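Written out below as structure tokens is the structure these notes cover.
Nothing in this text is a laboratory measurement; each read-out follows from the coordinates by a stated rule. Just so you know, these numbers come straight off a predicted model, no measurement behind them. Counting neighbours? That spans all protein chains shown, and the Cβs are built from the backbone with ideal geometry, glycine included.
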Amino acid sequence: MALLEDEPKYPAKTLITIGIPAFLLAVLISVVTHQYAHFIVDKIASKQEAISSSNIVYIDFHGMSFSSPVAAAAGPAWTFLLALVSFGFYLNNPRNLFAAAMAFVNASARLPETITVFLQLLIHNKTTLLVDESFSLSLFKLTDPTISIICLCFFSLTILFLTIIIIHDTKMIPWKWLVAIILFITMIPLEYLISNAIAPFIT
């Protein structure tokens, strides 16, 4: 009985000439659509309900402001949806580097913020980090953080395991775990730079 052989790995030249541009394009698409999800939902929400002084005004670190906390949830929700769609496409195209990049980028994009907010709530019952996830929690309008902790725990575990599954199923990249760590670290400042660059155009 023949033993199952591992899928052939892509050579370094292919990973550099195709893989790196695919990763950069995936980050660009993820960040741009994330910010536009904020913007579009905020416009819809502001038209459907009058803005009162009790409404929470959300201002992120890229200088964008939103009149509704629903807009804060729109970004992570869209990124998570894009991760699921990209993962489904990747399963059907396991050697497609762009599909792999899209799945990985969108699955792991919110990990630092989500886990940080979750740990702050778990330890201190409050969060000081001003990000989408913390403002999204204002939708609950609850003084007891238990429900928020449960939701963030579930979401953190979901995107964490989705990221791990994507890396594990990526057979065509040598040293895939090391590559994934490097890309993840690179992605954090890259997202910040792209967000700052496109912020003036999203008004």
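General remarks:
- For the range 119-127, the Karplus equation 6.51 cos²θ - 1.76 cosθ + 1.60, evaluated at θ = phi - 60°, returns couplings of 5, 5, 5, 5, 8, 10, 6, 7, 10 Hz by residue, with Gly and Pro reported as x.
- Sequence ranges 168-178, 36-46, 102-112, ranked by mean other-Cβ count within 10 angstrom, highest first: 102-112, 36-46, 168-178
- Computed from the alpha carbon positions, the gyration tensor of the range 87-178 leads to an equivalent ellipsoid with semi-axes of 32, 12, 10 Å, biggest first.
- Taking the range 66-102 and a reference point 7 angstrom along Cα→Cβ of Ile18, the backbone N atoms nearer than 14 Å belong to 93-101.
- FRET efficiency estimate (nearest 0.05) - Cβ-Cβ, Leu81 to Leu178, R0 25 angstrom: 0.30
- For the range 12-201, the orientation-averaged shadow of the C-alpha convex hull comes to 11.5 nm² (one quarter of the hull surface).
- Karplus-derived HN-Hα couplings along the range 128-139 (A = 6.51, B = -1.76, C = 1.60, θ = phi - 60°), whole Hz, x at Gly and Pro: 10, 8, 8, 9, 3, 5, 5, 6, 4, 5, 5, 4
- Eligible lysines near Lys171 by straight Cα distance, threshold 26 Å, same-chain separation 8 or greater: Lys9, Lys13
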